[in-house]
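Engineer: Below is a structure I'd like to ask you about.
Readers should treat all values here as calculations from the given coordinates under stated rules, not as data from a laboratory. This is a predicted model, so every value here is computed, not measured. Don't worry about glycine lacking a Cβ; one is built from the backbone with ideal geometry, like all the others, and counts go over all protein chains shown.
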Amino acid sequence: MSAHQRLEALTDLSKLSPVSDDIIVSCLRERFMTDNIYTNIGSSGLVALNPHKYVPTNADSVLQKYAAEYRDTSGHKEPLPPHIFQMANNAYYHMRRTTQDQCILFRCVFALYIIHSVY
């Protein structure tokens with residue numbers, strides 16, 4: 001398996017070793033290039049990159065898979081890849097089960113390009 005394939009297959013940034021800014025960016029880039037726009041950071045963090053296009057993994061049918069995954073209590077299930085649907089389902093069903101309020105924090109970072117004109 002090539003280095004690119006290993007970075008693309010990595011679904012959780014907390015499992016990177018060694019950790020550096022360059023490795024994190026490389027992992028996110030490799031996943032982004034294959035339309036894997038969601039990457040976990042441990043069990044409660046998620047990085048979502050805006051693909052600026054339609055991605056089939058955001059379809060309603062995919063939402064149903066994540067809801068079914070949470071309700072499946074058998075030990076034989078294969079985990080689904082990281083997704084915002086997974087985070088929302090986990091928060092919602094945990095709230096229903098425990099009656100404790102849940103919070104999901106979204107933070108957007110925009111890369112601004114400043115164009116300098118020379119006259």
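Engineer: GNM, the chain, Cα, under 10 Å: largest mean-square fluctuation among Tyr70, Tyr92, Tyr54?
Structural biologist: Between Tyr70, Tyr92, Tyr54, it is Tyr54 that shows the largest mean-square fluctuation.
Engineer: Could you work out how far apart the two model spin labels at Leu16 and Asp101 are, taking each label as a point 7 Å from the Cα in the direction of the beta carbon, and quote it in nm?
Structural biologist: 3.4 nm
Engineer: Please compute the modelled spin-label separation between Tyr92 and Arg6, points set 7 Å along Cα→Cβ, answer in nm with one decimal.
Structural biologist: 3.8 nm
Engineer: Of the labelled options (i) 44, 29, 25; (ii) 34, 31, 26; (iii) 63, 37, 28, which one gives Cα extents along the principal axes in Å as computed for this structure?
Structural biologist: (iii)
Engineer: May I pose another question? Could you tell me how many degrees, from 0 to 90 and to the nearest 10, lie between the Cα long axis of helix 84-98 and the main elongation axis, the longest principal axis, of the Cα atoms of the chain?
Structural biologist: 30 degrees
Engineer: Let me ask you something else. With only Lys, Arg, Asp and Glu charged, each at its Cβ (+1 for the first two, -1 for the last two), find how big the charge dipole of the chain is about the Cα centre; round to the nearest 20 debye.
Structural biologist: Around 200 debye, computed over the chain.
Engineer: Suppose R0 equals 25 Å; then what is the FRET efficiency for Lys65 and Ser26 from their Cβ-Cβ distance, rounded to the nearest 0.05?
Structural biologist: Plugging the Cβ-Cβ distance into 1/(1 + (r/R0)^6) gives 0.30.
Engineer: Can you give me the long-range amide H partners of Leu46? Hydrogens built in the peptide plane at 1.01 Å from N, cutoff under 5 Å, separation of 5 or more residues or another chain.
Structural biologist: Ile41
Engineer: Whats the longest run of the chain with zero trypsin sites (Lys or Arg not before Pro) that are DSSP loop and have at most 16 other Cβ atoms within 10 Å?
Structural biologist: Within the chain, the longest run free of exposed trypsin sites (Lys or Arg not before Pro) spans 1-52.
Engineer: With θ set to phi - 60°, apply the Karplus curve 6.51 cos²θ - 1.76 cosθ + 1.60 along the range 27-37 and write out the HN-Hα couplings as whole Hz, x wherever there is a Gly or Pro.
Structural biologist: Using θ = phi - 60°, the values come out as 4, 5, 5, 4, 5, 4, 5, 10, 6, 8, 8 Hz.
Engineer: Give me the lysines in straight-line cross-link reach of Lys77: C-alpha distance below 25 Å, same-chain residues under 8 apart excluded.
Structural biologist: Once the sequence-local lysines are set aside, what remains near Lys77 is Lys15, Lys65.
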